[in-house]
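One structure below.
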Amino acid sequence: MNWTNERIELLKKLWTEGLSASKIATQLGSITRNAVIGKAHRLKLSGRGKITKHDPKVSSHPSCDSHFSVKTHAHTAFLQSENITKHHTKIQKKHGKHSVISISSHHIHITLLQLTESSCRWPLGDPLNEDFHFCGAASEEGSPYCSYHSSIAFQPLTERRRVKF
């Protein structure tokens, strides 16, 4: 593609009018957008004119986006809290209604250095605080946790996943 003086003048004119490189390439014909950009760069054309944009249509209806977003987030939070409640209900049914109280009274509250192979390694509290400790109750055979914390940590395989194995 040869850049004639006429084409260069047309490029300069269209560039200062603010047309995009793609539109300039289309008007010049048989030239790519990148060729227009390269030539404009070599000619050191900088001062782009005002880019003509279409005014966005203003709707007569108020925007519903923010209302929808808040409603969606609230609904998601509700579903998550519902799932947590269902999970705790399942644990209570499995271990008895007052199992949380009885299990929490069985916590020995041991430190990291006091852990043994047969003690529950369920962390309790914030590791950055001094009162951080582990459950310490007797763990199940082959598990790092006691029966209560195992029921929280591990979920049984669903029927669908069980078939794959």
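Enumerate the amide H contacts of Ser119 below 5 Å, restricted to partners 5 or more residues apart or on another chain; note that Pro and chain-start residues carry no placed amide H.
Ser139
With each label point set 7 Å from Cα along the Cα-Cβ vector, what nm distance links Thr4 and Glu140?
If labels sit at Thr4 and Glu140, their model points lie 8.5 nm apart.
From the backbone phi of segment 148-153, what are the Karplus-calculated ³J(HN,Hα) couplings (6.51 cos²θ - 1.76 cosθ + 1.60, θ = phi - 60°) in whole Hz, Gly and Pro given as x?
Rounded to whole hertz, the list is 5, 6, 5, 5, 7, 6.
Quick one: which residues, 5 or more positions from His133 or on another chain, have an amide H under 5 Å from its amide H? H modelled 1.01 Å from N in the peptide plane, none for Pro or chain starts.
Correct list: Leu124.
Residue by residue through segment 36-43, what is 3J(HN,Hα) from phi via Karplus (6.51 cos²θ - 1.76 cosθ + 1.60, θ = phi - 60°)? Round to whole Hz and write x for glycine and proline.
For segment 36-43, the Karplus curve yields 5, 4, x, 5, 4, 5, 5, 7 Hz.
Which ³J(HN,Hα) values, rounded to whole Hz and listed in residue order, are derived for segment 128-140 from phi using the Karplus coefficients 6.51, -1.76 and 1.60 in 6.51 cos²θ - 1.76 cosθ + 1.60 with θ = phi - 60°, glycine and proline given as x?
Result, rounded to whole Hz: 7, 8, 6, 7, 5, 7, 10, 4, x, 5, 5, 8, 6.
List the residues, sorted by chain then number, that are 5 or more residues from Gly18 or on another chain and whose placed amide H is less than 5 Å from its amide H.
Close amide H contacts, sequence-distant or interchain: Gly49.
Could you work out how far apart the two model spin labels at Leu113 and Lys23 are, taking each label as a point 7 Å from the Cα in the direction of the beta carbon, and quote it in nm?
In this crude label model, Leu113 to Lys23 measures out at 7.5 nm.
A short reminder: the numbers here are calculations on the coordinates, not readings from a lab. Quick caveat: nothing in here was measured; it's all calculated off a predicted structure. A quick note on method: Cβ atoms are made from the backbone with ideal geometry, for glycine too, and the neighbour counts reach across all protein chains shown.
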